[in-house]
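The values are calculated or read from the model by the stated rules, or taken from the named source; none is laboratory data. Here the structure is a predicted model, which means the values were calculated and not measured. FYI the Cβ positions are ideal-geometry reconstructions off the backbone, even for glycines, and counts take in every protein chain you see. Ligands, DNA and RNA are stripped out before the accessible areas are found, and what is left, the full protein with its side chains, is counted by its heavy atoms. Shrake-Rupley method; radii C 1.70, N 1.55, O 1.52, S 1.80 Å.
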Amino acid sequence: MASFFKVICTSPNSPIAINKTSQIRSNPPSSLSMIPRCNAVKEPSFVSTPLQHAYRYGNPNITDEFLDEYASKLEGFKRVLKLVSEDPLQGLTMIDAIQRLGIDHHFQHEIEQVLQRQFMLSANGNGFNNNDLHEVALRFRLLRQEGYFVPAGVFNRFRDREGIFRHELCRDIKGLIELYEASQLGIDGEDVLDEAREFSSQSLKKWLMAKVDFFSDRAIRNTLDQPFHKNLSRFTARNLLGTDFQGTNGWINILQELAKMDFNLVQSLHQKEIAHISNWWKQLGLAKELEFARDQPVKWYIWSMACLTDPTLSEQRIDLTKSISLIYIIDDIFDVYGTLDELTLFVQVVERWDYAASDKLPYYMKICFKALDDITNEISQKVYKEHGRNPINSLRKAWSTLFRAFLAEARWFDSKNVPKADEYLENGIISSGVHIVLVHIFLLLGIGLTDQNMELIDNNRSIISSAATILRLWDDLGSAKDENQDGHDGSYIDCYMKENQGIEVENARKHVINMIANAWKLLNQECIFQKSFSMTFCKASLNIARMVPLMYSYDENQCLPSLDEYMKSLLYQSIPRKTLLPTQL
């Protein structure tokens, strides 16, 4: 699709003020939260000051007539997809466009049918027996990301006798872009994909230096900065929706119009969810009682919105945000307020889950434990009612595990001891909060609630630990420098450099970057090819890892460029529509 590949999403660049939480006590224990630390004082940031926006929801243009038109267009495009996909390459191109526009949840059945046919072609040797790098790489990526195993060896045909990718491929910009995209879905041991990523990235960078044309430059930059597999299509689709597509694929303009309508519909839904969360948080009263803690319900909701993208999962997003809010609050208690004795007692109460014993806690801990108990009971009752299984023990166990990880970090800081790097990372995987979030997602989805799967979840299977590793290491790559933490929280790099005396900091950072790449390979293995968990759960795990760069890429001003602008765009700036003339396909 020559016209569509030119407009692969651009990234807005608006900074958000993010500062290290002020230290309330002289010797605060350390913890590394799942969410970036922010000043407890209200900040002039959209994401950090959400309550003023809570009343602004509902798009007046979404009328009954709008919904009828939308339903009609949706059904009409399903017929278009069936017709166009008779051509194998056009079918792949259309699926790619649908996914990049973030509306694939409407076409799962149709996409599955197309990809089944494409997989049969590849199994018969007909799908990868051509020399079109773009088509082969696109087919490979689309099949793999939907769980079909296609061997990486399909790219061997593009290498010479010495095993090097052929030089003439450097002239194929479309092929190089898609090869780089395909290389992101590699797993451990697939050297050809590692080589493909290096070859395509270096070749594309040379094209950037050559300054071919505006559209090619933008497509190359966006691919290198935001490869589709490691990006959130919902966050970048708007950049495609604001573009007038031209070319032979008339269905692209029709699809774009449908995506605009869908964007506004989903935006209105998210606004209502935020209003619900804001009202719940205000009524809970923790922000008023715990003035040292963060008060950012929109930021907490962002994680739920990113993890669970299907619009039908509204109730699950709301419940998940409630649990994420407590990760924030508990993290602040451990990081900026509680003494080590108080924190130790807090952990003991949570490990026993003894409501009576909570009377011994300081008031601020007591009301936090009550909120934790109430929310855990509420979610457990809901899961039991809807799915026939009471998960109270699993949830309590997960929270206890998180508390113990926070306490371990607090003790390390209090004793001034620097743990071994492996010990630090093993604990940091838990204290990242990813485990507790994915436990809640698994239970709230209610898919595959078997004893075996519960045991896998409880024991922090690789699908959880690999996403947590990506988050923890990303945070540690920049936290001390970008959050001005002065070592209060420590990092994997600090531990690694102490173990390896004399190593340069840049070499330590390269080591961590390589670890993140390996964690992505393990996450790919777990999410793409395993069959234990639902696709929705697997995508939630992937989405956490995809969200990490937005949440942890601080600039020199301790700000998070792009996140604030993304959220304004996604939540409060509707997309104007234009009337399309009838198009012959």
Handout entry: Filtered residues of the range 103-130 (kept if at pLDDT 90 or above and open to solvent by 10 Å² or more (accessible area, probe 1.4 Å))
Key = D104, H105, H106, Q108, H109, E110, E112, Q113, Q116, R117, F119
Fill in the blank from the handout: Contact list, first residue from the range 145-169 and acidic (D, E), second anywhere and assigned to a loop (DSSP other than H, G, I, E, B), beta-carbon distance below 6 Å, six or more apart or interchain, is D160/R166
Exercise for the section: With a cut-off of at least 1 residues that are more than 28 Å from G446 (Cα to Cα), name the helices (runs of 4 or more DSSP H) lying wholly within the range 290-362. Expected result: 314-332, 340-352
Exercise for the section: Considering every residue within the range 270-280, establish whether at least one is crowded, with 18+ Cβ neighbours inside 10 Å, within 26 Å of T401 (Cβ to Cβ) and touching a residue at least 12 places away in the same chain (Cβ under 8 Å). Expected result: yes
Handout entry: Subset tally (residues that are touching a residue at least 12 places away in the same chain (Cβ under 8 Å) and assigned to a loop (DSSP other than H, G, I, E, B)) for the range 67-123
Key = 5
Exercise for the section: Name the single residue, out of those in the range 157-209 being more than 26 Å from E526 (Cα to Cα), aliphatic (A, V, I, L, M) and in contact with a helix residue (DSSP H, G or I) (Cβ under 9 Å, 6 or more places away or on another chain), that is most open to solvent (accessible area, probe 1.4 Å). Expected result: I164
Problem - Checklist (1) in a helix (DSSP H, G or I); (2) under 24 Å from N130 (Cβ atoms); (3) more than 26 Å from the chain's Cα centre (by Cα) applied to E178, failing item - result: (3)
Handout entry: Qualifying position, being farther than 20 Å from I464 by Cβ, acidic (D, E) and assigned to a helix (DSSP H, G or I), among E378, E423
Key = E378
Problem - Of all residues making up the range 341-365, the number that are surrounded by 15 or more Cβ atoms within 10 Å (Cβ to Cβ) and either touching a residue at least 24 places away in the same chain (Cβ under 8 Å) or farther than 27 Å from M454 by Cα (or both) - result: 13
Handout entry: Filtered residues of the range 281-305 (kept if buried (at least 22 other Cβ atoms within 10 Å of the Cβ) and either of a type outside the set (S, T, N, Q) or in the same structural domain as I98 (by the TED database) (or both))
Key = W281, A293, R294, D295, P297, V298, K299, W300, Y301, I302, W303, M305
Completion exercise
By residue number, the members of the range 393-424 that are open to solvent by less than 30 Å² (accessible area, probe 1.4 Å) and either touching a Lys or Arg at 6+ places or on another chain (Cβ under 7 Å) or aromatic (F, W, Y) (or both) are W399, F403, F406, Y424
Practice task
Sort through D335, D414 and tell me the only one that's in contact (Cβ under 8 Å) with a residue 60 or more places away in the chain and either in contact with a Ser or Thr (Cβ under 6 Å, 6 or more places away or on another chain) or not assigned by the TED database to the domain that holds I457 (or both).
Solution key: D335
